[in-house]
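Report on the following structure.
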Amino acid sequence: MSAPTISRRGFITLAGAGLTLALLPVATAAADAPQLAQPFLRIAADGSVTVLAKHLDMGQGIWTGLASIVAEELDAAWEQIRVEGAPADKALYKNLAFGAQTTGGSTSIANSWDQYRRAGAVARLMLVQAAAALWRVPTGEIGVARGRLRHVSGREAGFGELAGAAALLAVPAADSVTLKDPAKFEILGKVLPRLDVADKARGKIIYGIDVRRPGQKIAMIVRSPRFGGKVARFDAGAARKIKGVVEVVQVPNGVAVVANNTWAAREAQQALVVEWDFSDAEQRSSPQIIEQFRALALEADPVSYIKRGDSAAAFARAVKIVEADYEQPYLAHAPMEPLSAVCEMRDGACEIWGGIQSQSGDQAAAAKILGLPLQRVRLHTLYAGSSFGRRATFSSDWIAELAEVVKATGARYPVKMMWSRADDIQGGFYRPLSFHKLRAGLDAEGRIVAVSQTIVVQSFLFGAPKPGVKNKPDPTALEGSMADRYDIADASVDWVNPPAKVPVHMFRALGYNHTTFSKEVFMDELARAAGADPLAFRLRHLGKHPRQATVLALACEKAGWDTPVALGRARGLAVQESHKSFIAQVVEVSVADGVVKVERLVCAIDCGLVLNPDNVRAQVEGGAGFAFGVALLGKITLKDGQVEQSNFHDYQVLRMNQMPRAIEVHIVPSTAAPTGVGEPVVVVTGAAVANALARLSGKPVRVLPLSELSL
């Protein structure tokens, strides 16, 4: 996998739009013929178009999505499209939503949409200009279709034949090009085969764990079994006796064993004797932490997140008060591909290969540890076998550990850092445990007149205020709360950031992941208290949010919400606006021998203009399975400060035979700019299932995971 050769000369930066374009001839290893090259695409002499994806593809299909945007505006043939990860370069490849090169928040398409369209359109115009100059004809007489340029006289040429001449032209201003009318799209909106699927099926895709460099060693780390523990002393005698072990070195997060192969490293990791200093470590068990969270929910001076109207006065006017508490446990990200990356130092520079999600942070972390300028740290972003947020920690922990080992071993050889699944499940980062205290007032017509919510949850962000400190709350941990979207004039949402030493980080769907559960389950409890149907009750409070009301009504229509359900089954629904998309689900569940089954899941989604409906359906199906698994099985618990789970046998993800029996996806047509899919689809499933189970059992469902319910 090669990175483009891009000079900064000739760049044109379009302030505000964040678009940077470059044009220069590039000689490749495969052919010395000049290419038409920009930061977002290259056109080689053989006619192939390589799109440089600034975001990580961890299974969501983003590389195909970005490539399809370029191909559409370029009028390329899909068969000539290639894609590869862009190098680390914040100026060129930053996520316009975050200001750094990183992937997350279901922003990949939304923040790239205009950039990649214009990149394709600029390249197309330059090819046309090159052809016009060569053929001595007006540009207006030249058309482009499926990777070929044709003059009205019948003369024609492929992209590759014109790439060299186009590379010598001045780059048009990005905002000067005319973009296609979406009504004329020939690639976008159609079902396209993903660019990665065939090679994945053939085992040809290279992940970080597959990279091998000459002379490479394998490193594994023994980390503290309790969060916050520090190495007091260690005895490496037994580890060093294992054949293949090269050395044992202490690093900030523990002690690293370095070996010639993975087996020896694993054996040495288990043989290493480390004595830990737990004086500043988390030593509580989960029941103690939950009890503390419950107490903190009654704190007198929480941080105010939302305060609208006068909820105290509105509560005083209410004819009925409803209250409920909700608990959700810590969760591990548990990506299917365990963390792994390779670092090699050579000639005062370093290269890193891996499924890199936050190029800006990872590059900076490695550069700081290794004492190198940023431009001397080159990242090779490969496909990743899922992440769910794990690869994007603010500390770049897994890349930083790799760099620490390279530094500690004197950079004498390339190092591959390997994490076992147990390493990550017991020593990684987690979706925080949360406790929600909800209270609402209903008027005589069964309408919500007031709501208050206190959320006790650790901040996703470093540097967040401590409990009781007057400061800004963390919106990423609180978004999607009860006061969002529903028409409730008087509402308040407060936050308590509890003291805890369990390292937490953004988990798939961020705050929506836990707020949607309490919000949508509480809405069902309010509907029952009001004597109303859950659908009608929600629509009554969505008058100012038509796109949310539309997906909810559509999902219910397709699911037959008003029709009788089979004996032993019940339906539940949930709706949310998440990451600027709108999604609703209706599930039909049954329970047999205490086992919850989702018999049918009907989803309606409005995510703006759809690039590839097949990929949207795939993301809904995968996301629903992920969310159902989390709601049904997901739970990380601590005993005396140590994580009790270690692998997929006791931290289970959904098995194939547990998937919902039938999934239907209904996409709302839209001409709005594309928005997220991957994260919005996971936020509503758990609440919809819980609501169905409450209707089936007649008992409220307020605690996850669902597998621990007595039904």
Counting just the residues of the range 410-465 that are among the acidic types (Asp, Glu) and in a loop (DSSP other than H, G, I, E, B), which one comes out least open to solvent (accessible area, probe 1.4 Å)? Asp443
Counting only residues that are farther than 11 Å from Val251 by Cβ and in a helix (DSSP H, G or I), the range 395-409 contains a total of 3
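Working only within the range 599-634, note down all residues that are closer than 22 Å to Tyr326 by Cα and touching a helix residue (DSSP H, G or I) at 6+ places or on another chain (Cβ under 8 Å). Outline the logic, then answer.
Step one: of the range 599-634, the residues closer than 22 Å to Tyr326 by Cα are 624, 626-634.
Once the filter is applied, which keeps residues that are closer than 22 Å to Tyr326 by Cα and touching a helix residue (DSSP H, G or I) at 6+ places or on another chain (Cβ under 8 Å), the range 599-634 yields Ala624, Phe626, Ala627, Phe628, Gly629, Val630, Ala631, Leu632, Leu633.
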Restricting to the range 152-175, and then to whatever is assigned to a helix (DSSP H, G or I) and open to solvent by 70 Å² or more (accessible area, probe 1.4 Å), can you tell me which residue is modelled with the lowest pLDDT? Asp175
Output the residue which, of all residues in the range 587-600 that are hydrophobic (A, V, I, L, M, F, W, C) and within 17 Å of Val701 (Cα to Cα), is modelled with the lowest pLDDT. Val595
When you go through (1) open to solvent by 20 Å² or more (accessible area, probe 1.4 Å); (2) touching a Leu at 6+ places or on another chain (Cβ under 9 Å); (3) more than 27 Å from Val197 (Cα to Cα); (4) not in a helix (DSSP H, G or I) one by one for Leu134, which number turns out not to apply? (4)
Single unsatisfied condition, Phe98 versus (1) part of a loop (DSSP other than H, G, I, E, B); (2) in contact with a helix residue (DSSP H, G or I) (Cβ under 7 Å, 6 or more places away or on another chain): (2)
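Table: residues versus (1) under 24 Å from Thr476 (Cβ atoms); (2) in contact with a helix residue (DSSP H, G or I) (Cβ under 7 Å, 6 or more places away or on another chain); (3) at pLDDT below 95.
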residue	(1), (2), (3)
Leu56	yes, no, no
Asp75	no, yes, no
Glu79	no, no, no
Arg82	no, no, no
Tyr116	no, yes, no
Ala123	no, yes, no
Arg136	no, no, no
Thr139	no, yes, no
With criteria (1) open to solvent by 30 Å² or more (accessible area, probe 1.4 Å); (2) over 24 Å from Val551 (Cα atoms), Glu621 comes up short on (2)
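Restricting to the range 280-297, name every residue that is open to solvent by 60 Å² or more (accessible area, probe 1.4 Å) and either free of Cβ contacts under 8 Å to residues at least 24 places away in the same chain or in contact with a Leu (Cβ under 8 Å, 6 or more places away or on another chain) (or both). Spell out the reasoning first.
Within the range 280-297, the first condition is being open to solvent by 60 Å² or more (accessible area, probe 1.4 Å), and the residues that meet it are 280, 283, 287-288, 291, 294-295.
Once the filter is applied, which keeps residues that are open to solvent by 60 Å² or more (accessible area, probe 1.4 Å) and either free of Cβ contacts under 8 Å to residues at least 24 places away in the same chain or in contact with a Leu (Cβ under 8 Å, 6 or more places away or on another chain) (or both), the range 280-297 yields Pro287, Gln288, Glu291, Ala295.
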Answer from Gly61, Gly104, Gly99 - the residue that is at pLDDT 85 or above, of a type outside the set (A, V, I, L, M) and open to solvent by less than 10 Å² (accessible area, probe 1.4 Å): Gly61
Count - residues of the range 600-658 that are at negative phi, in a loop (DSSP other than H, G, I, E, B) and in contact with a Ser or Thr (Cβ under 8 Å, 6 or more places away or on another chain): 8
Count of the range 350-378 residues which are of a type outside the set (Ser, Thr, Tyr), part of a loop (DSSP other than H, G, I, E, B) and touching a residue at least 40 places away in the same chain (Cβ under 8 Å): 3
Residue by residue through the range 26-43, note down the ones that are modelled with pLDDT under 95 and in a loop (DSSP other than H, G, I, E, B). Val26, Ala27, Thr28, Ala29, Ala30, Ala31, Asp32, Ala33, Pro34, Gln35, Gln38, Pro39
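With the structure loaded, tell me whether Gly568 is over 26 Å from Ala509 (Cα atoms) and surrounded by fewer than 16 Cβ atoms within 10 Å (Cβ to Cβ) or whether it fails that test.
Details: over 26 Å from Ala509 (Cα atoms): yes; surrounded by fewer than 16 Cβ atoms within 10 Å (Cβ to Cβ): yes.
Yes: the conditions hold for Gly568.
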With (1) of a type in the set (Gly, Ala, Ser); (2) open to solvent by less than 20 Å² (accessible area, probe 1.4 Å); (3) modelled with pLDDT under 95 as the list, and Ser395 as the residue in question, which single condition is left unmet? (2)
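The values are calculated or read from the model by the stated rules, or taken from the named source; none is laboratory data. Owing to the predicted nature of the structure, the values given are computational and were not obtained by experimental measurement. Using ideal geometry, Cβ is built from the backbone for each residue, glycine included, and neighbour counts are taken over all protein chains shown. Accessible surface areas use protein heavy atoms only, side chains included; no ligands, DNA or RNA. Shrake-Rupley method; radii C 1.70, N 1.55, O 1.52, S 1.80 Å.
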